[in-house]
Amino acid sequence: MKDSMTLPRRHMLAGSAAALSALGLAGWTGSARAQQAAAPAAKPLPAYAGWKSPDALIVHSSSTLETRRSAFGTSVITPSNQLYVRNNLPAPDAAILDNRDAWTVSIEGVKSPRSLTLAELKTLGVETVATVLQCSGNGRGFFPSKPSGTPWSVGAAGCVVWSGVPLRNVVAALGGLADGAAYLTGTGGEKLPEGVDPLSVLVERSVPVKAMDDALLAWEMNGEPLSLAHGGPLRLVVPGYQGVNNIKYVKRVAFTSAQSQARIMSHGYRMSPPGSKASPDQPSVWEMGVKSWINGPLADKGPLKPGQVQVHGVAFGGTRGIKGVEVSADGGKTWQAAKLIGPDLGPFAWRQFALPLRLEAGTHVLASRATDTAGNVQAEQREENLGGYNNASWRDHAVTVTVA
């Protein structure tokens, strides 16, 4: 096996994994509100995520935890104890972590299909990759239409480091893909409620088979064994794709000729026009687009003092890297080029940016606008849709600060 740390094509971290390793869900209902509004009394963390930092998180429900915008700080990696959580079903019993190496996953749609234990997967290779993990509804709270679902602001996202076996290695070990494979389909191992059609609740998603080239079966995140809150003992990681496609507690990986018939695939997470009903013929929420937002300075601690500030934030391009970021202090009337700072952890990770500005007394609307390596520029306006998905609008993500 080739050393993954020397494979630039796979966008691995060179020599930084050891240093980074120390860093360290919900129904589709809710009402929209901006994260910067005054926070209500904090809800307690659910038991499976009780190890997380309560001060860094907004608890929307027992299965939806959002990172506060002010908690992102200025480091490229999101600490595990501050990372958002979004589950479509209740987390499984923590007993599934008692013997991690005994966890099994079925590999189908290959020439020699079989089930493999986590211990067996670990013999097939290992790679480390940094990715943005983002819920497809991140930014839903900015939709004036108030779509059904958790009203995320910017905090249903983070940048984390995964370690696991490349899925392409697993496929090669099992003889390669069988004929007719068009989709990579992952199935979660959550316990399904009784008395309902399994397809109505099963967490099973399909993405184009090309995603296999970069996908991992990951057992570590940020240098630690994968927690129950984030899909341990094993998670399918699909770099550059929205979070719902990164299947937690993965029990089955299949290469299929058609997309899954589970409702979360056939009707869930579709870019349905406002006023319509979701259907399988509408675009699915797959790859992330170019996006950025500002994490500081913010107005949560009152007015700023006049003088120089460091405007800073994060930018990412889904499956592409970031070419540059511009910052505006007047709501998009004028722009200045920001500097990309910190390590470049590959095209799937986010880049930090910063721009020193002098802010005089008054009100300032701070916005950021990113461009990816293919020349795609972050959109000014959101794409209106029924579910409030894929909001990358720079105008929505702007912040207003008062200087006095």
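Each row is one residue, and each column tells you yes or no for (1) under 24 Å from Leu345 (Cα atoms); (2) modelled with pLDDT of 95 or more; (3) in a loop (DSSP other than H, G, I, E, B).
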{"position": "Pro151", "(1), (2), (3)": "no, yes, yes"}
{"position": "Gly155", "(1), (2), (3)": "yes, yes, yes"}
{"position": "Gly164", "(1), (2), (3)": "yes, yes, no"}
{"position": "Ala172", "(1), (2), (3)": "no, yes, no"}
{"position": "Leu184", "(1), (2), (3)": "no, yes, no"}
{"position": "Glu190", "(1), (2), (3)": "no, yes, yes"}
{"position": "Leu199", "(1), (2), (3)": "no, yes, no"}
Notebook entry, point to check: From the residues in the range 201-241 that are part of a helix (DSSP H, G or I) and hydrophobic (A, V, I, L, M, F, W, C), which one is surrounded by the most Cβ atoms within 10 Å (Cβ to Cβ)?
Noted result: Ala229
Next item on the list: Read through the list (1) out of contact with any strand residue (DSSP E or B) (no Cβ under 7 Å at 6 or more places or on another chain); (2) under 21 Å from Trp162 (Cα atoms); (3) surrounded by fewer than 23 Cβ atoms within 10 Å (Cβ to Cβ), then give the number of the only condition that Ser80 fails.
Entry: (1)
Notebook entry, point to check: Filter the range 325-343 for residues that are assigned to a strand (DSSP E or B) and closer than 16 Å to Gly362 by Cα; which is nearest to the chain's Cα centre (by Cα)?
Noted result: Ser328
Next item on the list: Select from the range 264-279 the residues that are closer than 21 Å to Asp197 by Cα, surrounded by fewer than 11 Cβ atoms within 10 Å (Cβ to Cβ) and not basic (Lys, Arg) and list them in ascending order.
Entry: Ser279
Margin query: Condition check: within 21 Å of Gln259 (Cα to Cα) and crowded, with 18+ Cβ neighbours inside 10 Å. Does Gly188 satisfy that?
Written below: yes
Check: Which fully enclosed strands (runs of 3 or more DSSP E) of the range 91-147 have 3 or more residues being buried (at least 20 other Cβ atoms within 10 Å of the Cβ) and of a type in the set (A, V, I, L, M, F, W, C)?
Finding: 127-134
Next item on the list: Scan the range 368-382 for residues that are under 19 Å from the mean Cα position of the chain (by Cα) and among the acidic types (Asp, Glu) and jot them down.
Entry: Asp372
Note to self: Six or more apart or on different chains, Cβ atoms under 8 Å: show the pairs whose first residue is in the range 345-362 and on the phi < 0 side of the Ramachandran plot and acidic (Asp, Glu) and whose second is in a strand (DSSP E or B) and surrounded by 12 or more Cβ atoms within 10 Å (Cβ to Cβ).
What the structure shows: Glu360/Val403
Notebook entry, point to check: Condition test on Ile294, is it modelled with pLDDT of 95 or more, closer than 22 Å to Ser136 by Cα and either part of a strand (DSSP E or B) or not aliphatic (A, V, I, L, M) (or both)?
Noted result: yes
Margin query: Can you find, within the range 242-263, the residue that is surrounded by the fewest Cβ atoms within 10 Å (Cβ to Cβ) among those that are farther than 10 Å from Gly188 by Cα and hydrophobic (A, V, I, L, M, F, W, C)?
Written below: Ala258
Check: Does Ala42 satisfy the criteria of being touching a Leu at 6+ places or on another chain (Cβ under 9 Å), of a type in the set (A, V, I, L, M) and modelled with pLDDT under 95?
Finding: yes
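The values are calculated or read from the model by the stated rules, or taken from the named source; none is laboratory data. Bear in mind that the values here come from a model prediction, so they are computed numbers and not experimental data. Ideal geometry is used to build each Cβ from the backbone, glycine not excepted, and the neighbour counts take in all protein chains shown.
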